[in-house]
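Visitor: One structure, pasted below without further comment.
The values are calculated or read from the model by the stated rules, or taken from the named source; none is laboratory data. Computed from a prediction, not measured in an experiment: that's the story for all the values here. Here the Cβ positions follow ideal geometry from the backbone for every residue, glycine too, while neighbour counts run over all protein chains shown. Side chains are part of the model used for accessible areas, which takes the heavy atoms of the whole protein and leaves out ligands, DNA and RNA. Shrake-Rupley method; radii C 1.70, N 1.55, O 1.52, S 1.80 Å.
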Amino acid sequence: QVQLVESGGGLVQAGGSLRLSCAASVRIASVRIFSTYAMGWFRQAPGKEREFVAAISRSGGSTYYADSMKGRLTISRDNAKTMVYLQMNSLKPEDTAVYYCAAQGGAWSNDPSRVDGWGQGTQVTVSS
């Protein structure tokens with residue numbers, strides 16, 4: 001339904017930074033349609049449940065962050081480019097996971113079952 005493509009993951013030392021990008025693909029790759037979706041990021045480590053990381057409202061006016069990462073993240077979006085970004089700073093080994101971009105029609109919910117579309121994921125590995 002909703003097609004997203006993430007990039008920017010990689011290997012970084014503890015304390016380092018990464019910027020993840022999420023590009024809308026095909027179906028929502030228009031300003032009008034993309035702007036109807038709240039956008040966010042989830043992550044999933046091996047053997048663990050997928051968990052909420054950050055989200056941003058349709059207009060970009062409101063942002064939301066997981067308590068465990070608050071203060072280390074900045075989510076942003078550029079509706080004109082149909083792009084979403086996640087700047088991650090002061091990374092810790094426990095941040096190691098696959099990070100997924102997600103789109104939700106209307107207002108954002110932290111429940112992954114409410115997600116309308118997922119990206120393929122990008123691996124973030126933080127070494128100690």
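Visitor: Work out the length of the dipole vector of the chain about its Cα centre, built from +1 on the beta-carbon of each Lys and Arg and -1 on the beta-carbon of each Asp and Glu, and round it to the nearest 20 debye.
Guide: Working: 13 positive and 9 negative charges, 57 e Å.
Taking the Cα centre of the chain as origin, the dipole is about 280 debye.
Visitor: Starting from the 7 Å offset along Cα-to-Cβ, what nm value, one decimal, do you get for the label separation of THR74 and GLU94?
Guide: 2.5 nm
Visitor: At 222 nm, what helix-only mean residue ellipticity would the chain give, in deg cm²/dmol to the nearest 500, using -39500 (n - 2.57) for each DSSP H run of four or more?
Guide: Mean residue ellipticity at 222 nm (helix-derived): -500 deg cm²/dmol.
Visitor: For the stretch 21-128, which whole percent of the accessible surface, found with a 1.4 angstrom probe, sits on carbon and sulfur atoms?
Guide: Carbon plus sulfur share of accessible area: 47 percent.
Visitor: Measuring from label point to label point, each 7 Å out along Cα→Cβ, what is the TYR64 to GLN87 span in nm?
Guide: Reported label-point gap for TYR64 and GLN87 is 2.2 nm.
Visitor: Next up: Grab the beta carbon distance between GLN13 and ASP111, set R0 = 35 Å, and tell me the FRET efficiency rounded to 0.05.
Guide: 0.60
Visitor: Could you point to the residue in TYR65, MET83, ILE28 farthest towards the positive end of the stretch 8-95's charge dipole, with +1 and -1 charges on the Cβ of Lys/Arg and Asp/Glu respectively?
Guide: ILE28
Visitor: Same structure, new question: Remind me, relative contact order of the chain in percent, using alpha carbon pairs under 8 angstrom and six or more residues apart?
Guide: Over the chain, the number comes to 36 percent.
Visitor: What lysines sit close enough to LYS70 to cross-link, taking a C-alpha to C-alpha distance under 25 Å and skipping anything fewer than 8 places away on the same chain?
Guide: Straight-line reach from LYS70, under 25 Å: LYS48, LYS92.
Visitor: Note down the net charge around SER21, summing +1 for each Lys or Arg and -1 for each Asp or Glu among other residues with Cβ under 12 Å from its Cβ. Could you put the intermediate results ahead of the total?
Guide: Working: positive: ARG19, ARG77, LYS81; negative: GLU6, ASP78.
Neighbourhood net charge equals +1.
Visitor: Same structure again: Averaged per residue, what accessible area in Å² does the stretch 38-128 show with a 1.4 Å probe, protein chains only?
Guide: 47 Å²
Visitor: Starting from the Cα-Cα distance between ALA29 and VAL5, subtract it from 0.36 nm times their residue separation and give me the gain in nm to one decimal.
Guide: Going from the current span to full extension adds 7.5 nm.
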